[in-house]
Amino acid sequence: MKRIVLTAAMALTVMSGFAQEKSDSTARKSSEYEFTVVKENPITSIKDQYRSGTCWCFSTLSFLESEVMKAKGIDSLDLSEMFVVSRSYHDRGIKYVRLDGHLNFGAGSSFGDVLHVIKDYGIVPQEAMPGLNYGTEKPEHFEMDEGLKGYVSAIVKNPNRVLSTAWVKGLDGILAAYLGEIPGSFEVDGVTYTPESYRDYLGINPDDYVSLTSFTHHPYYSQFAIEVCDNWRWDTSYNLPLDEFMEVMYNAIENGYTIAWGSDVSEAGFSRNGVATVPDVDRKPGAGSDQEKWIGKSEEKGEAEPASKEEKVITPEMRQDGYDRKTTTDDHGMQIYGIAKDQNGNPFFMVKNSWGDAGKYKGIWYASDAFVRYKTMNIVVNKNAIPKDIRKKLGIR
């Protein structure tokens, strides 16, 4: 009798366990996001910046690749990130020495830096300058970054009391050793180009692009240099009220343009699962690759998507408070290229990242309207992507 009762009890326990597991599975499934594309603009293939702080370059070139594809009607394009990184470090090294070291000198930079490089030096395709001269298949820049910083820091000390005529060549020599020589000419489809003529062939005019932001510590409809260390060229951004700032982004996507997007991604809401929302929890940055720095190591379990889809209502005051108190920082550059809706009809921006096929959506993230409102530092767009009435207020022709 006891055996029968025990067996029955065990069966009930197992059945209860199965029921609980099924219930938990159903609950997990119901909390997952289901996205439907509303508008999607062409992008190039997902890249991996790996162990390098070059998101600013990967994202801007991805944005410009989409611009060229749109203008010329071509299907693909692959521009050299390391050409831009090399020329950027060259310019920054010279400025660093001119300012006696009172300038940020490191891997990070800004969207505007890429536009300056292309305007001054041109651009080359990836195959003309892959930039992997140090024995790895993916970018690994920590040694190069430290070596360059040590070199220019030594030059700043000016041990001869007069700078030599050789130190800039020494800087370029380090860059060439790691990233390769700057190509004077190269062929594409049987045609010979220089970096400048290739830029002109692609039709990239850096003056067609503007940086926009939204903060309250400067007047709206004015320009100011966003006060972050990576903005070492001191480029200015147009300052818009938050609702108009968001209107520009939606208008750009709707009219076939993409966006270079600078955002804080150290938030817990920017998850390994490929979704960015605004839950009220904190995150501690990690280390290692660029991805690991912000959302943890690959072997760590990523955060579960929040069971509740409710998010904070974002105000200009919240944005400003985050900026002033350093809870919103210029962590990462990406490309926004589309709009989707979740199963409840809430809009999400479709984001191309530069962390390879990371995340649930293989290199793509879905960022909620609230996240973008709250954590965007600045964007770069084609000036024609801005609604005419807003362009008029900004004085952009």
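The values are calculated or read from the model by the stated rules, or taken from the named source; none is laboratory data. Given the structure is predicted, the values throughout are model-derived calculations rather than measurements. When we count neighbours, we look across all protein chains shown, and the Cβ atoms used for this are built from the backbone with ideal geometry, even at glycine.
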Discussion item. Take the conditions surrounded by 16 or more Cβ atoms within 10 Å (Cβ to Cβ) and over 17 Å from LYS362 (Cα atoms) and apply them to ASP321. Does it pass?
Written reply: no
Fill in: Of residues in region 225-270 being over 19 Å from the mean Cα position of the chain (by Cα) and within 15 Å of GLN320 (Cα to Cα), the one surrounded by the fewest Cβ atoms within 10 Å (Cβ to Cβ)
ASP243
Worksheet item: Which of the residues that make up region 108-143 are buried (at least 24 other Cβ atoms within 10 Å of the Cβ), assigned to a loop (DSSP other than H, G, I, E, B) and of a type in the set (Gly, Ala, Ser)?
Response: SER109, SER110
Worksheet entry | Subset of region 75-103 (residues that are farther than 17 Å from TRP234 by Cβ, assigned to a helix (DSSP H, G or I) and without any contact (Cβ under 8 Å) to a residue 60 or more places away in the chain) | GLU81, VAL84
Worksheet item: Of all residues in region 197-218, which are among the aliphatic types (A, V, I, L, M) and either assigned to a loop (DSSP other than H, G, I, E, B) or surrounded by fewer than 15 Cβ atoms within 10 Å (Cβ to Cβ) (or both)?
Response: ILE204
Worksheet item: Looking only at region 168-196, which residues are in a strand (DSSP E or B) and surrounded by 18 or more Cβ atoms within 10 Å (Cβ to Cβ)?
Response: TYR193
Worksheet item: Before we move on, is THR60 in contact with a helix residue (DSSP H, G or I) (Cβ under 7 Å, 6 or more places away or on another chain), polar (S, T, N, Q) and part of a loop (DSSP other than H, G, I, E, B)?
Response: no
Worksheet item: If you go through region 347-369 one residue at a time, do you hit one that is part of a helix (DSSP H, G or I), at pLDDT 95 or above and within 26 Å of LEU61 (Cα to Cα)?
Response: yes
Item to complete: Identify all residues within region 95-107 that are buried (at least 20 other Cβ atoms within 10 Å of the Cβ) and not small (Gly, Ala, Ser); write none if there are none.
Response: TYR96, VAL97, PHE105
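Go over the candidates SER197, SER164, SER185, SER153 one by one and state the one that is of a type in the set (Gly, Ala, Ser) and in contact (Cβ under 8 Å) with a residue 60 or more places away in the chain. If you could, list the steps in order and put the result at the bottom.
Working: SER164 fails: in contact (Cβ under 8 Å) with a residue 60 or more places away in the chain; SER185 fails: in contact (Cβ under 8 Å) with a residue 60 or more places away in the chain; SER153 fails: in contact (Cβ under 8 Å) with a residue 60 or more places away in the chain.
Within the list SER197, SER164, SER185, SER153, the selection yields SER197.
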Discussion item. I need the full set of residues from region 119-149 which are in contact with a Leu (Cβ under 8 Å, 6 or more places away or on another chain) and among the β-branched types (Val, Ile, Thr), in order please.
Written reply: ILE123, VAL124
Practice prompt. Would you be able to say whether some residue in region 216-233 is modelled with pLDDT of 95 or more, in contact with a Pro (Cβ under 8 Å, 6 or more places away or on another chain) and not aromatic (Phe, Trp, Tyr)?
Written response: yes
